[in-house]
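Peer 1: Below: one structure in structure tokens.
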Amino acid sequence: MQVTLTLREWQKQPLRLLVFDNLEEPKILSEWLPKLNGLRILVTARRSQWSVDLGVDVHLLDTLPRPDSLALLRKLAPRLKGTSDADLDMLAEMGDLPQALDLEQRALAMYQKFLPPEHPDIKNALSWVAEIERRMNSGKS
């Protein structure tokens, strides 16, 4: 019932952008497309091949070069400006993906509220987020 009401409200104002983030199953998209008639949809995925029947326009994006990843992470989490590149090596494990950088920033922001800057759990938080991202990308739970 809630989904139906939400979809009905969305249809009243079709100038919306609906994001399916990290969607790798074409079946899910094919099930939702008829319900989302008229809405703008953005799908992020590692998959580059989609059925022609879905009408998907594929735009391949590359990962960020390591220096750019580090610069973005430091910009998103200013407290890391003085952190060495070696201490931020978890980026390699996440493939220098902007989404992963955003997840890291969010985890850091949460920890910043509760922990002092020198606390070892800041680095542990980054490792934890990296592990979650790795599992998401490999399809494990």
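The values are calculated or read from the model by the stated rules, or taken from the named source; none is laboratory data. Every value quoted in this text rests on a predicted model; they were computed, and no experiment measured them. Cβ atoms come from the backbone with ideal geometry, glycine included; neighbour counts cover every protein chain shown.
Peer 1: For segment 35-42, state whether one or more residues are over 26 Å from residue 103 (Cβ atoms) and either in contact with a Leu (Cβ under 9 Å, 6 or more places away or on another chain) or assigned to a helix (DSSP H, G or I) (or both).
Peer 2: Yes, because at least one residue in segment 35-42 is over 26 Å from residue 103 (Cβ atoms) and either in contact with a Leu (Cβ under 9 Å, 6 or more places away or on another chain) or assigned to a helix (DSSP H, G or I) (or both).
Peer 1: Output the residues belonging to segment 22-50 that are in contact with an Asp or Glu (Cβ under 9 Å, 6 or more places away or on another chain) and among the charged types (D, E, K, R).
Peer 2: Selection gives 46, 47.
Peer 1: Kindly provide the set of residues from segment 20-53 that are within 17 Å of the chain's Cα centre (by Cα) and closer than 19 Å to residue 2 by Cβ, ordered by number.
Peer 2: 20
Peer 1: Scanning for something of a type in the set (S, T, N, Q) and more than 19 Å from residue 103 (Cα to Cα), does segment 55-77 turn up at least one residue? So that I can check it myself, show each step before the final result.
Peer 2: Kept after step one, since they are of a type in the set (S, T, N, Q), are these residues of segment 55-77: 63, 69.
Right, trim to more than 19 Å from residue 103 (Cα to Cα) and you get none.
No, there is no match, as no residue in segment 55-77 is of a type in the set (S, T, N, Q) and more than 19 Å from residue 103 (Cα to Cα).
Peer 1: Separate question: Would you mind finding the one in 5, 61 that is surrounded by fewer than 11 Cβ atoms within 10 Å (Cβ to Cβ) and part of a loop (DSSP other than H, G, I, E, B)? First the steps, then the outcome.
Peer 2: Numbers: 5 fails: part of a loop (DSSP other than H, G, I, E, B).
Testing whether each residue is surrounded by fewer than 11 Cβ atoms within 10 Å (Cβ to Cβ) and part of a loop (DSSP other than H, G, I, E, B) leaves just 61.
Peer 1: In addition: Just one of (1) assigned by TED's automatic domain parsing to the domain that holds residue 106; (2) touching a helix residue (DSSP H, G or I) at 6+ places or on another chain (Cβ under 7 Å); (3) not aromatic (Phe, Trp, Tyr) trips up residue 39, so point out which.
Peer 2: (1)
Peer 1: If you don't mind, another one. What are the residues in segment 10-19 that are over 15 Å from the mean Cα position of the chain (by Cα), surrounded by 10 or more Cβ atoms within 10 Å (Cβ to Cβ) and not polar (S, T, N, Q), if any? Break it down into steps so the answer makes sense when it comes.
Peer 2: Just the residues of segment 10-19 that are over 15 Å from the mean Cα position of the chain (by Cα), to begin with: 10-17.
Remaining after also requiring surrounded by 10 or more Cβ atoms within 10 Å (Cβ to Cβ): 10-11, 14, 16.
The answer is 10, 14, 16.
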